[in-house]
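What follows is a set of notes on a single structure, which appears directly below.
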Amino acid sequence: MSVTSWFLVSSSGTRHRLPREMIFVGREDCELMLQSRSVDKQHAVINYNPATDEHLVKDLGSLNGTFVNDLRIPDQIYITLKLSDYLHSHVYVLEKSQHKVPEEALKVSFLC
């Protein structure tokens, strides 16, 4: 079986694996921390849609806005991220990779 993983890759080459759940992006107390004065404490959220295997980004009403491919996205509206989209003025690029996982590794077993 093949499993897809999504990553945000920084301009320095650091890969941040995107989980299949909602994460907060910001300067403080967030799953993805950006150290920039233009980023609010809680700036945006990235959410996962399992039905389409896509990640979506939403600006949380930040002062300076959230940008996808140099276009400011509307506040409080989810925008679907596409492969090779870049966020925050080329700081992060969306990538994905697929890898084979044995069926046994995907099974959950409970021991009593």
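The values are calculated or read from the model by the stated rules, or taken from the named source; none is laboratory data. A quick note: this is a predicted structure, and the numbers were derived from the prediction, not measured. Heads up, the Cβs are rebuilt from the backbone with ideal geometry, glycines too, and the neighbour counts pull from every protein chain shown. These area figures cover heavy atoms from the full protein model, side chains too; ligands, DNA and RNA do not enter into them. Shrake-Rupley method; radii C 1.70, N 1.55, O 1.52, S 1.80 Å.
Taking the stretch 37-85 on its own, how many of its residues are over 22 Å from Ser5 (Cβ atoms), small (Gly, Ala, Ser) and loosely packed, with under 14 Cβ neighbours inside 10 Å?
Summing the residues that are over 22 Å from Ser5 (Cβ atoms), small (Gly, Ala, Ser) and loosely packed, with under 14 Cβ neighbours inside 10 Å in the stretch 37-85 gives 2.
Which ranges mark the strands (runs of 3 or more DSSP E) fully within the stretch 6-100 that have 3 or more residues being among the aliphatic types (A, V, I, L, M) and within 12 Å of the chain's Cα centre (by Cα)?
The qualifying strands (runs of 3 or more DSSP E) are 44-49.
Residue pairs, Cβ under 7 Å, 6 or more apart or interchain, first in the stretch 8-21 and free of Cβ contacts under 8 Å to residues at least 40 places away in the same chain, second open to solvent by 30 Å² or more (accessible area, probe 1.4 Å) and part of a loop (DSSP other than H, G, I, E, B). List them.
Arg20/Pro50
Tell me which residues, restricted to the stretch 1-36, are touching an Asp or Glu at 6+ places or on another chain (Cβ under 7 Å), modelled with pLDDT under 90 and open to solvent by 60 Å² or more (accessible area, probe 1.4 Å).
Selection gives Met1 alone.
Go through the stretch 50-60 and count every residue that is more than 17 Å from Val9 (Cα to Cα) and modelled with pLDDT under 95.
Total satisfying the criteria: 4.
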